Every structure is written in structure tokens, then in C-alpha cells.
1. Exactly one condition in (1) free of Cβ contacts under 8 Å to residues at least 24 places away in the same chain; (2) in contact with a strand residue (DSSP E or B) (Cβ under 8 Å, 6 or more places away or on another chain); (3) assigned to a helix (DSSP H, G or I) is false for F98; which is it?
2. Name the one entry in L56, L46 that is aliphatic (A, V, I, L, M), at pLDDT below 95 and assigned to a helix (DSSP H, G or I).
3. Return the pair list, or none, for Cβ contacts closer than 6 Å from residues in segment 28-52 that are within 13 Å of Y11 (Cα to Cα) and free of Cβ contacts under 8 Å to residues at least 24 places away in the same chain to residues that are among the small types (G, A, S) and surrounded by 14 or more Cβ atoms within 10 Å (Cβ to Cβ), at least 6 apart or on different chains.
4. Take I288 and decide whether it is over 23 Å from K32 (Cβ atoms) and surrounded by 15 or more Cβ atoms within 10 Å (Cβ to Cβ).
5. Only one residue in Q86, Q47, Q102 is surrounded by fewer than 18 Cβ atoms within 10 Å (Cβ to Cβ), within 18 Å of the chain's Cα centre (by Cα) and not charged (D, E, K, R). Which one?
6. Out of all the residues in segment 300-340, which are among the β-branched types (V, I, T), in contact (Cβ under 8 Å) with a residue 24 or more places away in the chain and in a loop (DSSP other than H, G, I, E, B)?
7. Please work out if R96 is over 30 Å from I288 (Cβ atoms), modelled with pLDDT of 85 or more and surrounded by 16 or more Cβ atoms within 10 Å (Cβ to Cβ).
8. Right, V122: among the aliphatic types (A, V, I, L, M), outside any loop (DSSP other than H, G, I, E, B) and touching a residue at least 40 places away in the same chain (Cβ under 8 Å) or not?
Amino acid sequence: MGSNIFHIWFYRLHNVVAANLEKINPCWDDNKIFYTTREILIAGYLQIYYYQFLPLLFGMERLIKDGVISKHKGYRDVYDEKIIPQMSDEYSYVLRWFHIAQEATLELYDENYKCFKTFPMVNLTTRTAYFPENDHEAQIARGSFLQSTSKFMDHAVDPDISEVGLGGLQYAFDITAADVAKGRLFGFAPYVDYLEVCRKKKFKTFKDLLEVMDEDRIKRLRRVYKCAQDVDLMPGLWSERKIKDGSVPGTLYCLMAEQLLRSIKSDRHWYERRNRPYAFTPEQLSQIRNSNMGKLLCRVAPGITKITKNPFLVRSERNKMVSCDELPEVDFNAWKECKQ
């Protein structure tokens, strides 16, 4: 459901950006408008993902220290033509850890931003026709920033996600078992091998795992596995303690950060680069830095006139609702070329 609705919103955002560019540059042809819009959307998405979302998971200082993001607002160029732009199997696999964070119950919010209805998320599996009916899209949109995630570090996937997450498409496997089976199908190394890569030391026994896990987690693993070298990657990640100032296990961060940094270094067209074809001007890059999820939802999601200042965090005294007009936005005049 989330994937479907965000695709819809980004399609709409493309049209919003294109309309603004056409308005300030009536001399541009369709190709110029399309490709410039494409550049802005890709850059805006990456700005939100890397600089606003990931710091909440991994910690801002850690990302800056490891070079995943920059503390400076200007250009950044870490491109390395020797690095191959490819995706590691481990990266795509460990993303399934986030099933832990998925809430099984969907909350709908009315125009007063009050929750008035809940129902199982599974009810919307493959049911895209539900969105345009009876103001449902607006109700879901409000819930996208008002509803909390599941508890990250309870080390468990909600049974309503694990056992019936695919609705009528789910037959023999539950999602949790499928996640473990996929790791074996891909032939991933044992969990302790990744610990060794990430922590630069060997972990040979269950006792060694006390460095990264609580004792009760290790006891659970010992019921299933004969020795520490037998522990699969995903159960190891499920059992590991979260990192300081972050919300994920350290080994998960290690595997993801390696890929995130490789994606930047291997991308000749990375949006922060000065020395690339059709690079943003300093003024344009400054406007890209204004991209934020709150303004995005205000522009493309129906029924939203106010929103939490940071939609990635729950509503609180420190993260109150604000008018959409109070949020920073991209000034498209930075792309103005036509003389009127």
C-alpha cells in the first residue's frame, strides 16, 4: 500500500514541478521541461532520503563521519570512476529487516486530524481501487505522518504482517520464515562473518555475541542453532542491539552504509556534483536543499493543510503541527532562463 501511494504522489509531484517550470520558462520545449523536472525530482528525493530520513535511522554524526552525507550546504564531489555502480545482494536483502518496523494496523484520520477508524493493513494488499473512494486517500495521507511505526527494537515482526501480510497471495510461508529462507537461497555467509567484516574482529562463540546482543536474545538463538557460526544473517540482525543515536542494529548500518556510499561514489550524475553534465548552479542546489517531505505531502496529497514540522517523527511538543505555508519550499525561479 505504501509503495503504491508514494508512486502516485511522486507522479503528481512531477506534474507540479513541470507546471512551475513551464510557467517561468514559456520558451522551453517539452523535452527541456521533462528532463529538467526529472533532474529536480531525483535530486529532491535523494535530498529527503539521505539528509532527512536516514539520519533518524542511523544518526546524523555517524553519517557525516562515514561520508554518506556532508555537513556543508554547497557542492560535494566524491565520484570515483573506478567504482562499479552495482547493488550488493546483502543490501537488498537486509532491507527486509524493516518488516520489524511495519505496523499491521492502518489508522485513518479525518479533516480534524483525529483517528476515527482502524483496520488491518493486509486488507489493502493489491486493492489500489480503495484509494480514490470516499476520501480514503486523504485519510491515509494524514495517517502517513500521524501514525507511529511498530516498535523497532522489540525484535519481532507483528504477526498480522508476518502471517497474513500478503493477504490472499500468502500460502505456505509466513513472511518471517520467507526472509530467513531467502538468505539461504542467496547463499549468504553466516551472521558472524558479517560481524567480523563490520567490527574487524572474530566472533566464534555465543558468549562472544554478548558484545552486540542481550543475553535473552542469545538464549533464543541457542535453542535453534548449535553454534554461533550457524546463525543466519537475518535472525542475527533481528537479535542485535541498536546503535547509539540510531534505530537499527550496527551490522545492518554497516551493510547499508557501504552500499549507500558506493551508490554516491559510482554515480557520475550525483546531484551534489559540480563537475557533471547539466550540473545545478549554486543557487539551484541551494533550492534542492529545501526539499522536504512535509512540503511534498502538502503539494501532492489531498486534504492536508497542516502537517508536523518533521513528518518522519511522531507528533509531540517538539514536533507540533504547522501550516503548510510555514514550511520551506523550492523556489523554481532559480531555473528561470526565459526573458519575459
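The values are calculated or read from the model by the stated rules, or taken from the named source; none is laboratory data. This structure is a prediction, so every number in the text was calculated from the model and none was measured. Heads up, the Cβs are rebuilt from the backbone with ideal geometry, glycines too, and the neighbour counts pull from every protein chain shown.
1. (2)
2. Numbers: L46 fails: at pLDDT below 95.
Among L56, L46, only L56 is aliphatic (A, V, I, L, M), at pLDDT below 95 and assigned to a helix (DSSP H, G or I).
3. Once the first residue is within 13 Å of Y11 (Cα to Cα) and free of Cβ contacts under 8 Å to residues at least 24 places away in the same chain and sits in segment 28-52, its partners that are among the small types (G, A, S) and surrounded by 14 or more Cβ atoms within 10 Å (Cβ to Cβ) give T37/A18.
4. On the way: over 23 Å from K32 (Cβ atoms): no; surrounded by 15 or more Cβ atoms within 10 Å (Cβ to Cβ): yes.
No, not satisfied.
5. Details: Q86 fails: within 18 Å of the chain's Cα centre (by Cα); Q47 fails: surrounded by fewer than 18 Cβ atoms within 10 Å (Cβ to Cβ).
None of the others qualify; the one that does is Q102.
6. I304, V314, V330
7. Values: over 30 Å from I288 (Cβ atoms): yes; modelled with pLDDT of 85 or more: yes; surrounded by 16 or more Cβ atoms within 10 Å (Cβ to Cβ): yes.
Yes: the conditions hold for R96.
8. Working: among the aliphatic types (A, V, I, L, M): yes; outside any loop (DSSP other than H, G, I, E, B): yes; touching a residue at least 40 places away in the same chain (Cβ under 8 Å): yes.
Judged against the criteria, V122 is a match.
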